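Read-outs: derived from the displayed coordinates by stated rules, not from any lab. Because the structure is a prediction, the values reported are computed rather than measured. In this analysis, Cβ positions are derived from the backbone assuming ideal geometry, glycine residues included, and neighbour counts consider all displayed protein chains.
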Amino acid sequence: QVQLVESGGGLVQAGGSLRLSCAASGLTFSTYAMGWFRQDPGKEREFVAGISRVGSRTEVQDSVKGRFTISRDNAKKAVYLQMTSLKPEDTAVYSCAADGRASLFMVRRDPRDYDFWGQGTQVTVSS
């Protein structure tokens, strides 16, 4: 059974940092591209960052470019999102997702392309 479990969320002041982790099990991790998405009540889920199968390519949403960094450790079956210079508008539930149909260097932004999802972790940024 595939499981993705996020951790590392919490309450932080504007300008602070958080590191989110996603631990995967039940899948051949290196064959999946991975992504981070976020969602607040009343808004659609949006792409935040993605990373290709072996980590050779990354993409980030324009609004977080230069502040967020995605990485992965295939030996540990884990994906990370390092968030710095956090802003109140970054407040959301952050979820990791796995894309088993992406090509070797592909990062996709549409959540409908992803096969498995974690439960999410809350990030709240106060001013």
For the range 1-60, the Cα gyration tensor yields equivalent-ellipsoid semi-axes (√(5λ), largest first, whole Å) of 23, 14, 14
So what is the relative contact order for the range 1-56, in percent, with contacts set as C-alpha pairs under 8 Å and at least six apart?
28
Note, ³J(HN,Hα) from phi for the range 22-33, Karplus 6.51, -1.76, 1.60, rounded to Hz, x at Gly and Pro
9, 9, 10, 8, x, 8, 7, 4, 5, 8, 10, 6
Treating the beta-carbon of each Lys and Arg as +1 and of each Asp and Glu as -1, no other charges, what is the dipole magnitude of the chain about its Cα centre, to the nearest 20 debye?
300
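Looking at the range 41-127, which trypsin sites (Lys or Arg not before Pro) are in a loop (DSSP not H, G, I, E or B) and have at most 12 other Cβ atoms within 10 Å?
Hits after loop and neighbour filter: LYS43, LYS65, LYS76, ARG101.
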Amide H contacts under 5 Å for GLY16, restricted to residues at least 5 apart in sequence or on another chain and with H modeled in the peptide plane, are LEU86
Apply the Karplus curve 6.51 cos²θ - 1.76 cosθ + 1.60, θ = phi - 60°, to the phi angles in the range 84-99 and return the couplings in whole Hz, x for Gly and Pro.
10, 6, 5, 10, x, 6, 7, 4, 4, 8, 9, 10, 9, 8, 10, 10
Per-residue HN-Hα couplings for the range 118-124 [Karplus 6.51, -1.76, 1.60; θ = phi - 60°; Hz; x = Gly/Pro]
x, 7, x, 9, 7, 10, 10
